[in-house]
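Following: one structure in structure tokens, then a few remarks.
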Amino acid sequence: MFIVVSQELEPARAIIERLRNRDLYRVVDFKVFSFNDKDMVKQNVTPTRIVEVAKSGCLKGVDEELVAQLTVDHIAVGLSVLHYGRGANNPLDEVTFYSKQQPDGKLFQMGVSYPRIQVTRSGS
């Protein structure tokens, strides 16, 4: 078997070696935003902006030596949109609940205001 060792593939080999050794990238933080804020987040949460804020001196308790070395190449931002197929609408707003005593009538629907009903437990 003949194995070709190419210098251009060295970065890829280094990544695979890190994975094999479980030397994985560290997740520093994550945040869940409202679906309506997705455009604002795309514009403002960028590696460049993160480095700017880190180097501005407004963050307390950070290692200034590490911050001085920080570049945009050190930052990875991943944005994932979860909307359950309904866009900005909450799918639970379409769920209707029914009572065993009145199976033909609506008891409660999410996203719709109904007058308060008295709920009692029987048999306890």
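Here is how the numbers come out for the structure above:
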item	result
Computed E for Phe97/Gln7 - FRET, C-beta separation, R0 41 angstrom, nearest 0.05	0.05
Segment Asp39-Arg20, extension gain: residue separation times 0.36 nm, minus the distance between their alpha carbons	3.1 nm
Stretch gain in nm, segment Val28-Glu65, where the contour uses 0.36 nm per residue and the Cα spacing is subtracted	11.5 nm
Karplus (6.51, -1.76, 1.60) ³J(HN,Hα), θ = phi - 60°, over region 30-36, in Hz, Gly and Pro reported as x	8, 8, 9, 10, 5, 4, 5
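Where a number appears in this text, it was derived from the coordinates with a stated rule and is not lab data. Remember, it's a predicted structure, so these values are computed and weren't measured experimentally. Glycine gets a Cβ as well: all are built from the backbone with ideal geometry, and neighbour counts include every protein chain shown.
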